[in-house]
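Here the structure is laid out as structure tokens; the discussion comes afterwards.
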Amino acid sequence: MNATTYSTSAAVCCYSGHAATGKTTSLVNSACKLLRAGVSPNEILFLAATPSAAQRTADLFCQALEPDAAPRVTTPLQAQLEVLATPEAVARTGREPRIAHRFEENILMEDMKTCGMQSRRLSEMLRFFYRSWTELEPMDHSWFYSDEEENTHALLEAYLRYYRVYLKNEVAAAAYRFLDGNADALQNHRVGYVFVDDYQSLSKASQCFAGLLASQGLWVAGDGQVNVGAEDFPYPKGLSELVAGNPHAQVHKMNESNASRSVVDGLNGLLTDEAIAAQPLDSCDGASNGTCDAIAAPLPDDEFNRVAEIVRTALDAGVEPELVHVASPNRKWMKVIARTLAEQGVPVAVFPTLKIAGDMRDTDLCLEARIVTILRLMANPDDPLALRCWYAFGDYLGNSAIARMLCEQDYPLSLSSARLDLAGEGNALLEQQGGAVLDSLESARTVIGRILGATGLDLVARIAAELSNDRSATLPRTLELAIGHKAANAAPSALLDAIQDAVFFAQFASAGVRVGMLEDFVGLRAHCAVAGGMVNGFVPSRAYFDPTIVERDKRPKILAGDMRRIYSFARSADSELRFTYFEQAPLKDAEQLKLKIERIRLIRSQRLCEIHPSETIRSLTGVSFHE
């Protein structure tokens, strides 16, 4: 690709359209046509937005082809990490092909605070950096607004180089820049044909990365009205920029939806609302009538039961459990819905949102993080980020002053280090924290010495017992779920791989009604889709209605974003699309959940709040917010 980033020598074909218009099927059929024409499966790469979507696409290929004839289906993030894992990439970037966990990011942020910037300003600046990375901005002197920004970015890059790790938001740009600046490496990773589904849900860096890999043909499919992405900074404009950068691109506008007429009408209610004002969908000939409605319940408990009733009705009608999707804009609400379904005997597959986190300042509150760090030190005693994390645990500031000194001097710290030879000694704080570092390393050596020989889940359980000083300590549930049975007897490195896969490449289990957040269903299809908790306060948030927090002229943009978020889930429905909400809630619960309270009534000695249905589904409910 040249300076326009989207221009490519490969032939480009773009399928653009709204929900259920056959874009994914068209991509799969095009790939199958190439395979039947004699193209090797190794010359085709299919990139799906999420691991769940990749599994669905792989199943479509299995239905159309012999297993050995199917091309590789993966996600952009997995493909990018494979590029960065090559010896050439490791040597050039100086980093290992792994992504920092949440607790490692938190410790990195403590290091960043040594620049003296206020936390809020630092957080805003980091988000700006992350977006700039994903949009392939130059990140040089010409890009930054001030010296403060440039110096902060330089400090962040210095820490990442020293710790030899990637933040998730920089992986795509790192892989793209490595290939774009290395012709030999690009040639080694290129394939003949690349197919990309849900193109709009990817970051600009991922979109351009996919274009680099294609030498002969690039097929993409996307819906420009979806703003919920598989990545933190999706780039819907990439569809139009790809076409603009390749004047000879074939563009197929697909506007006839295969979904039922009622679902199409419901989706059009979102698309044609003045907040979005997009082109409506057309129903294809022969489409079924289907169902689309908004169902009110008096109280939250009643809503949970309504959702369960809808789901059971679909299952009783013979719908496969994995073709029933249930989502909510609120994580707590989603978990209660899942629990209600399970209690009523419905098989449930909840989207696994595993995160290794915890408060590093209290060793009792970050046991899982400490276990992962010990595993990493067992796999590599010289791992700089693992060493950094270990001596951060238990200290209010994470011993960040000595960490910055070590980074500035590129000090080769090791688990076997018995002393620190630092330039500029004599600083009392550094000497104190230096002693704490050595004490921490000694404690790590002691723990590892006591558990040598153990493997798999037994190893993790023994580490937990050692770190908690409790021989009866049980294996943390998060790590048990992450490791599973595949790595039950594995060595530390394999355990770490299993944990990374569970955290960064999570997907729905194959069986059960799928329950998750709205953004967990990108690239999936359902017979019946149910969105629960559709009330003001959940979506839009309560701040949206408060003019002291959100200015009135900013509301339209926020509402449009929330409506596209709802649309991104609703578009997965083929036959039934149901929205549920509750009309009242106890005052205490409404305040805790930060709901938009219309008025409060005293009913039978209980304060009940009137709650209105979400502004995003006003086309169905006829209820709209007015000040």
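Check whether at least one residue in the stretch 100-107 is free of Cβ contacts under 8 Å to residues at least 60 places away in the same chain and surrounded by fewer than 19 Cβ atoms within 10 Å (Cβ to Cβ), and report yes or no. Show your work before the answer.
First pass over the stretch 100-107, keeping only residues free of Cβ contacts under 8 Å to residues at least 60 places away in the same chain: none.
Checked the stretch 100-107: no residue is free of Cβ contacts under 8 Å to residues at least 60 places away in the same chain and surrounded by fewer than 19 Cβ atoms within 10 Å (Cβ to Cβ).
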Identify, from the list A502, A490, the residue that is under 30 Å from M378 (Cβ atoms), surrounded by fewer than 19 Cβ atoms within 10 Å (Cβ to Cβ) and among the aliphatic types (A, V, I, L, M). A490
Members of the stretch 240-270 found to be crowded, with 22+ Cβ neighbours inside 10 Å and not in a loop (DSSP other than H, G, I, E, B), listed by number: L242, S257, V263, V264, G266, L267, L270
For A511, are the conditions met, namely being closer than 29 Å to R339 by Cα and assigned to a helix (DSSP H, G or I)? no
Answer with yes or no whether R525 is surrounded by fewer than 23 Cβ atoms within 10 Å (Cβ to Cβ), over 17 Å from the mean Cα position of the chain (by Cα) and closer than 30 Å to L60 by Cβ. yes
Scanning the stretch 306-324 residue by residue, those loosely packed, with under 15 Cβ neighbours inside 10 Å and within 30 Å of K588 (Cα to Cα) turn out to be E309
Assess whether D111 counts as being over 24 Å from S203 (Cα atoms), among the charged types (D, E, K, R) and surrounded by 15 or more Cβ atoms within 10 Å (Cβ to Cβ). yes
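Condition test on M405, is it in contact with a Leu (Cβ under 7 Å, 6 or more places away or on another chain) and outside any loop (DSSP other than H, G, I, E, B)? Break it down into steps so the answer makes sense when it comes.
Working: in contact with a Leu (Cβ under 7 Å, 6 or more places away or on another chain): yes; outside any loop (DSSP other than H, G, I, E, B): yes.
Spelling it out, M405 is indeed in contact with a Leu (Cβ under 7 Å, 6 or more places away or on another chain) and outside any loop (DSSP other than H, G, I, E, B).
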Just to be sure I understand the filter: pairs with C-beta atoms under 7 Å, separated by 6 or more residues or on different chains, first member in the stretch 11-22 and assigned by TED's automatic domain parsing to the domain that holds V196 and among the polar types (S, T, N, Q), second member buried (at least 24 other Cβ atoms within 10 Å of the Cβ) and not in a loop (DSSP other than H, G, I, E, B). Which pairs pass? S16/G222; T21/S257
Suppose we filter the stretch 349-402 for residues that are part of a loop (DSSP other than H, G, I, E, B), closer than 27 Å to L429 by Cβ and of a type in the set (D, E, K, R); how many remain? 6
For A19: the one exception among (1) in a helix (DSSP H, G or I); (2) buried (at least 20 other Cβ atoms within 10 Å of the Cβ); (3) of a type in the set (G, A, S): (1)
Counted residues, the stretch 558-571 - those being in contact (Cβ under 8 Å) with a residue 40 or more places away in the chain and either surrounded by fewer than 24 Cβ atoms within 10 Å (Cβ to Cβ) or more than 30 Å from G318 (Cβ to Cβ) (or both): 8
Members of the stretch 161-186 found to be in a loop (DSSP other than H, G, I, E, B) and at pLDDT 95 or above, listed by number: R164, V165, L167
T8, sole failed condition from (1) at pLDDT 95 or above; (2) within 19 Å of A205 (Cα to Cα): (1)
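Which ones in the stretch 305-341 are free of Cβ contacts under 8 Å to residues at least 12 places away in the same chain and either in contact with a Phe, Trp or Tyr (Cβ under 9 Å, 6 or more places away or on another chain) or under 20 Å from P352 (Cα atoms) (or both)? Write out each step before concluding.
Of all residues in the stretch 305-341, those free of Cβ contacts under 8 Å to residues at least 12 places away in the same chain come to 309, 313, 316-318, 339.
Within the stretch 305-341, just R339 meets the criteria.
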Subset of the stretch 55-81 [in contact (Cβ under 8 Å) with a residue 60 or more places away in the chain and out of contact with any helix residue (DSSP H, G or I) (no Cβ under 6 Å at 6 or more places or on another chain)]: Q55, R56, T57, L77, Q78, A79, L81
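Results for (1) polar (S, T, N, Q); (2) at pLDDT 95 or above; (3) assigned to a helix (DSSP H, G or I), shown as yes or no for each residue.
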{"position": "F233", "(1), (2), (3)": "no, no, no"}
{"position": "A294", "(1), (2), (3)": "no, yes, no"}
{"position": "D302", "(1), (2), (3)": "no, yes, yes"}
{"position": "N305", "(1), (2), (3)": "yes, yes, yes"}
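The values are calculated or read from the model by the stated rules, or taken from the named source; none is laboratory data. For clarity, every value in this text was computed on a predicted model and none was experimentally measured. Methodologically, a virtual Cβ is constructed for each residue, glycine included, from the backbone with ideal geometry; neighbour enumeration extends over all protein chains shown.
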